[in-house]
Protein chains: 2
Amino acid sequence: MKRIAIDMDEVVADAHGRFAEWYKRDYAIEFTPEQLSSNKIEDLFLKEHHHRIREYVFHDDFFKDLSVIPGSKEVIRDLHDKYEIFFTTAAMEFPNSLLPKLAWLGEHFPFISWTNIVFCGDKSIINADYLIDDNVRNFKGFVGQGVLFTASHNRNVEWDVRVNNWQEVRAMFL
Amino acid sequence: MKRIAIDMDEVVADAHGRFAEWYKRDYAIEFTPEQLSSNKIEDLFLKEHHHRIREYVFHDDFFKDLSVIPGSKEVIRDLHDKYEIFFTTAAMEFPNSLLPKLAWLGEHFPFISWTNIVFCGDKSIINADYLIDDNVRNFKGFVGQGVLFTASHNRNVEWDVRVNNWQEVRAMFL
């Protein structure tokens, strides 16, 4: 059985949505879904707010109750029948994210066992056939095929294998 | 540069020592180092205590301030010059262990970056040349060479590559 490793933020969990939500809370500035999907999120924030926004991810609540990226639940449930699925997230940089991320996966992907969850830093440590991720830097040294999941910040990044949404993941693997 | 993955409990962190400490606290029964090193720890505990002891690992304090296995700091510091070192621990089973384990590594092995720490369940996900571990079940599906680190519970387990202590790790790798 081939093995697919799947990143969390911006692949199954909408962390950008949380940034936008808290930005609206703090500065009363709201972005449309179109703005969020077509701009790097940091380009949307005013420069004078960047310092505070960079601290968001260190708050205990940041990673709680993130929205699920549309289609990911259904497609991963189907992939799970034909592939070994691992969630692999570079969570070590934000220790406050560890427990919320684990709880979030248990809530939204209860069919993926705790044995198949990996919190790491450098994804070259992952032994899998495919890695679906929104950051090409995570493909450096990865032993399998990196599959770039489109997010606003990687639209102009060159990579040979790209999927724009979970329907395209389904089409590629099933 | 070859890569060595290193387990935590009973390899660098003395979790059995914590079991013995809490057992003494709760039942006023103390074990000698000789008893601890020559018996499976569960064989030392009275049967009527097993139920309570199995709950120890779910306590928030269990993984805090564990003793460091003798020699591990010095040898890993030296290995670190010639190998890529990753700590890889099956921590997902005990969510309460995640933050204490991360803090413990930062305290005792500050020269190992957070990028090289992995919390996982199934170690077949680890891409490394060697895995130093006290459980042969973690070598199942592991892509590299499993190196069994002797602990009281694996003395009678058959495995082709075994090290009895950190001096033997040094001799094998340096």
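The values are calculated or read from the model by the stated rules, or taken from the named source; none is laboratory data. It should be emphasised that the depicted structure is a prediction, and the values quoted were computed from it without experimental measurement. When we count neighbours, we look across all protein chains shown, and the Cβ atoms used for this are built from the backbone with ideal geometry, even at glycine. Calculation scope for accessible area: heavy atoms of the full protein, side chains included, ligands and nucleic acids excluded. Shrake-Rupley method; radii C 1.70, N 1.55, O 1.52, S 1.80 Å.
When the helices (runs of 4 or more DSSP H) confined to region B:1-94 are screened for residues that are under 24 Å from B:Ile117 (Cα atoms) and at pLDDT 95 or above, those reaching at least 1 such residues are found at B:15-27, B:72-82. Considering (1) more than 9 Å from chain A (Cβ to nearest Cβ); (2) in contact with a strand residue (DSSP E or B) (Cβ under 9 Å, 6 or more places away or on another chain), the lone condition that B:Asp60 does not fulfil carries the number (2). Against the numbered list (1) under 24 Å from B:Arg137 (Cα atoms); (2) crowded, with 16+ Cβ neighbours inside 10 Å, A:Trp166 comes up short only at (1).
If we scan region B:111-131, do we find a residue that is out of contact with any Gly (no Cβ under 8 Å at 6 or more places or on another chain), touching a residue at least 40 places away in the same chain (Cβ under 8 Å), more than 21 Å from A:Ile117 (Cα to Cα) and not in a helix (DSSP H, G or I)? No, every residue in region B:111-131 fails to be out of contact with any Gly (no Cβ under 8 Å at 6 or more places or on another chain), touching a residue at least 40 places away in the same chain (Cβ under 8 Å), more than 21 Å from A:Ile117 (Cα to Cα) and not in a helix (DSSP H, G or I). Looking at region B:151-174, which of its residues are within 16 Å of the chain's Cα centre (by Cα), farther than 23 Å from B:Glu74 by Cα and not polar (S, T, N, Q)? Listed by number, the residues that qualify are B:His153, B:Arg155.
Being assigned by TED's automatic domain parsing to the domain that holds B:Glu168, out of contact with any Lys or Arg (no Cβ under 9 Å at 6 or more places or on another chain) and open to solvent by 40 Å² or more (accessible area, probe 1.4 Å) holds for only one residue in B:Ser113, B:Ser72, B:Ser97, and it is B:Ser113. If you go through region A:76-117 and keep only what is at the interface with another protein chain (Cβ under 7 Å from one of its Cβ atoms) and within 22 Å of A:Arg18 (Cβ to Cβ), you end up with A:Met92, A:Glu93, A:Pro95, A:Leu98, A:Leu99, A:Leu102, A:Ile117. The requirement of being surrounded by fewer than 17 Cβ atoms within 10 Å (Cβ to Cβ) and within 14 Å of chain B (Cβ to nearest Cβ) is fulfilled somewhere in region A:122-137, by at least one residue. Provide a single number: the residues in region B:145-174 that are part of a helix (DSSP H, G or I) and hydroxyl-bearing (Ser, Thr, Tyr). Residues in region B:145-174 being part of a helix (DSSP H, G or I) and hydroxyl-bearing (Ser, Thr, Tyr): 1 in total.
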